[in-house]
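The values are calculated or read from the model by the stated rules, or taken from the named source; none is laboratory data. Note that the coordinates shown come from a computational prediction; the quantities given were computed from them, not determined experimentally. Cβ sites come from the backbone with ideal geometry, for glycine too, and all protein chains shown count toward neighbours. For accessibility, only protein heavy atoms count, side chains too; no ligands or nucleic acids. Shrake-Rupley method; radii C 1.70, N 1.55, O 1.52, S 1.80 Å.
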Amino acid sequence: MSTAALHQVEMKPKEYKSEVSVVWCPGCGHHGILNAIYRALSELGIDPTKMMSISGIGCSSRTPYFIKSYKMHTLHGRAGAVATGAQIARPDLVVMVTGGDGDGFSIGGGHMPHMARKNVDMTYVLYDNGIYGLTKGQYSPTSRPELKAYTTPYGGPDTPMDPLLYMLTYGATYVAQAFAGKPKVCADLIKGAIEHRGFSYVNIFSQCTSFNHIDTVEYYRDLVEEVPTGHDVTDLGAAMALARRPNGKAPMGLLYQDKRPTLVDRLQEIVTKVGGHPDYDLNKIIDLSRP
Ligand code: SF4
Ligand code: MG
């Protein structure tokens with residue numbers, strides 16, 4: 001992200017809470033993720049007037065309401081596309097998308113690879129609970145086949161997708177994973193994601209206490225294992241090997257980080273090449289393209 005938005009204010013985590021009451025179920029993992037976001041914003045001193053919080057539809061997509069910042073609650077699955085536009089128009093802002101596994105990888109699945117490959121300079125926090133919570137418990141792209149949900153009363157017929165392998169494959173330049181029950185780990189990874197220049201993806205396991213009765217706090221606690229000391233975060237192959245859970249454990253921590261030009265960097269290069277408008281005025285670019 002642009003460093004211009006960093007360390008602009010001194011605000012405690014609770015001062016990033018908006019006036020809107022949090023409506024998630026008691027025990028939902030999303031509470032932990034939201035607190036981690038407050039903490040990351042506070043530690044980075046992000047000015048709420050320099051932040052754009054964007055979501056699609058789902059329980060987790062309510063997050064922007066609870067954060068003191070500019071916000072857009074968009075269409076199901078379309079948060080990433082809107083965020084890409086917002087980031088191009090205002091590259092000086094902190095752009096953050098918050099959403100769930102269904103919103104991101106099913107309805108919004110067509111957008112995910114493009115944010116990653118274009119290296120859009122933003123943070124995508126995916127609340128992965130392996131279920132559609134808001135619509136009351138349907139099987140999602142990350143559901144385990146053992147899950148008996150309303151749409152799969154005898155269990156699921158397919159193999160769950162792996163968000164980490166997906167993001168590593170398509171070129172995300174910051175890929176991390178955590179569990180909502182580890183708020184400090186979540187906050188540190190979200191903080192790193194915001195500071196990173198490029199497309200940052202943070203997958204956070206989050207228990208849905210109302211509709212996913214197999215991915216419990218205990219299950220996730222036992223599932224995750226910290227990324228081993230000495231892991232080279234610049235080694236894509238090593239990151240992919242970890243994401244494949246060689247010992248059955250899901251890696252928790254930063255798996256991969258890389259530096260390459262962002263979408264805005266590349267657009268600026270083109271603008272400069274065609275005669276310059278380094279101030280990056282989209283209207284001028286459109287004018288240039290006219291015959
Ligand atoms: Fe959380 Fe599930 Fe309740 Fe939604 S339905 S708020 S995901 S516990
Ligand atoms: Mg979900």
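Please verify whether ALA172 is more than 16 Å from ligand 2 (Cβ to nearest atom), in a loop (DSSP other than H, G, I, E, B), of a type outside the set (Ser, Thr, Tyr) and crowded, with 23+ Cβ neighbours inside 10 Å, treating the condition exactly as stated.
Taking the combined requirement at face value, the residue satisfies it.
If ASP101 satisfies every condition in (1) free of Cβ contacts under 8 Å to residues at least 24 places away in the same chain; (2) buried (at least 24 other Cβ atoms within 10 Å of the Cβ); (3) among the charged types (D, E, K, R) but one, which is the exception?
Status for ASP101: all satisfied but (1).
Could you say whether any residue in the range 138-153 is in contact (Cβ under 8 Å) with a residue 40 or more places away in the chain, surrounded by 24 or more Cβ atoms within 10 Å (Cβ to Cβ), in contact with a Ser or Thr (Cβ under 7 Å, 6 or more places away or on another chain) and closer than 17 Å to ASP101 by Cα?
yes
Quick check on my filter: what residues within the range 104-137 are over 30 Å from PRO261 (Cβ atoms) and crowded, with 24+ Cβ neighbours inside 10 Å?
Those that are over 30 Å from PRO261 (Cβ atoms) and crowded, with 24+ Cβ neighbours inside 10 Å: ASN129, GLY130, ILE131, TYR132, GLY133.
In this structure, is ALA178 assigned to a strand (DSSP E or B) and either within 30 Å of ALA83 (Cα to Cα) or modelled with pLDDT of 95 or more (or both)?
Yes; evaluated as a whole, the condition is true for this residue.
Is it the case that ALA193 is assigned to a helix (DSSP H, G or I), in contact with a Lys or Arg (Cβ under 8 Å, 6 or more places away or on another chain) and open to solvent by less than 10 Å² (accessible area, probe 1.4 Å)?
For ALA193, the condition - assigned to a helix (DSSP H, G or I), in contact with a Lys or Arg (Cβ under 8 Å, 6 or more places away or on another chain) and open to solvent by less than 10 Å² (accessible area, probe 1.4 Å) - is not met.
For the range 196-213, give me the residue count where each residue is surrounded by fewer than 24 Cβ atoms within 10 Å (Cβ to Cβ) and more than 13 Å from ligand 1 (Cβ to nearest atom).
Matching residues across the range 196-213 total 2.
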